[in-house]
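Read the structure below first, then the notes.
Values quoted throughout were computed directly from the atomic coordinates according to the rules given, and no laboratory measurement underlies them. The model shown is predicted, which means the values in this text are computed figures rather than measured ones. Cβ placement follows ideal geometry from the backbone for every residue including glycine, while neighbour counts extend to all protein chains displayed.
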Amino acid sequence: MNTVNQGKVVLITGASSGIGEATALYLAARGMHVILGARRTERLDALAARIAREGGSAAVRSLDVTSLESMKDFVAFALERHGRIDVIVNNAGVMPLSKLEAGKVDEWNRMIDVNVRGVLHGIAAALPVMQRQRSGQVINLASIGAYTVSPTAAVYCATKFAVAAISEGLRQEVGGDIRVTVVSPGVVESELADSISDPGGREEMRAFRQVAIKPEAIARTIHFAIEQPADVDVSEIIVRPTASAY
C-alpha cells in the first residue's frame, strides 16, 4: 500500500451509487478519509456505516451539485472535519438520453445543470482552498461521450465535451501545485440509464450496455491518478470494456 496517500481527504460527489460509491469504498479501504455527498443521504449513511465497519473513515453531507451554496457547504464541512482537502472527485451526473426532435428541454437543462454546472461548482468551491494550501487535485468524470457523439446522446455528449474542455482549461491555468485529471469511462454498470424516459433512448442504451465493466474499474483508475507523485499529473484516462467497440 502507498502510505504517502493514507490520510488524504477526498470529496466525492454523487457518492450514493455506481462509480461514486465504488470509489468511496476503494479509497477508504486504502486509508483515505472520504467525504460523501449526494441528495440521497439515507444511502450515504448506509455507505458510511459500511466503511466504518471495514475500518475506514467516511463522513456524509447532503449535497445538490446544481447549487453553488450547497457545494460550498460541502467543502466547508470537509474543512471543519479535517482542516484540508486533498482531492475532489466531481462524479455526479445524469444521462436521460433522447433524440433532439423529442424536444425534452427539461431533461436537457437537467443534464447541463448537473453535468456541467455541477463540475463548475465543485471547482469554484474547492479551488480557492487548494490554492491556499498550494496543493490539491481535481478529478472530473467525463465519459467516452466526450470524444464521440451518437444518436439520442447529443446533449449528454455536449455536457461531457464541456467537462473535458473545462478540465483542460483548469489544468493550464493552475499549473505547478494543483493537479487536474479527467477520467472518461466507457460502458459501466450504473443507475444512469434509469433516468432515460424516452423509449428510443432506452433502446439505444440497452444495446450499448450489452458489454459493461464494474464501477470498481473506475475506482481503481481514480486511485491510480491520486497515488502518483505530486509532480506527476495523469491528465486524461479513458477506461472501457475490452470487448466494447466504443
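Data overview
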| read-out | value |
| --- | --- |
| From the coordinates shown, Rg and Dmax of the Cα atoms in Å corresponds to which of [x] 17.1, 53; [y] 18.1, 57; [z] 18.0, 53 | [x] |
| Nonlocal amide H pairs with Gly136, under 5 Å, H built at 1.01 Å | Arg179 |
| Whether the range 79-163 is rounded, prolate or oblate, judged on the alpha carbon gyration tensor where a/c under 1.5 counts as rounded | prolate |
| Helix-only CD estimate at 222 nm, as mean residue ellipticity for the chain, using -39500 (n - 2.57) per DSSP H run (n ≥ 4) | -13500 deg cm²/dmol |
| Calculated Rg and Dmax of the range 1-134 using C-alpha coordinates, Å | 15.5, 53 |
| Cα-based Lys pair tally, the chain, threshold under 28 Å, eight or more apart or on separate chains | 8 |
| Within the range 3-239: Cβ-based charge dipole about Cα centre, in debye rounded to nearest 20 (Lys, Arg +1; Asp, Glu -1) | 380 |
| Computed lengthening from Arg220 to Ala243, 0.36 nm per intervening residue step minus Cα-Cα distance | 6.4 nm |
| Dipole of the range 3-239 [Lys/Arg +1, Asp/Glu -1 at C-beta], most positive-end residue of Ile213, Ser57, Val149 | Ser57 |
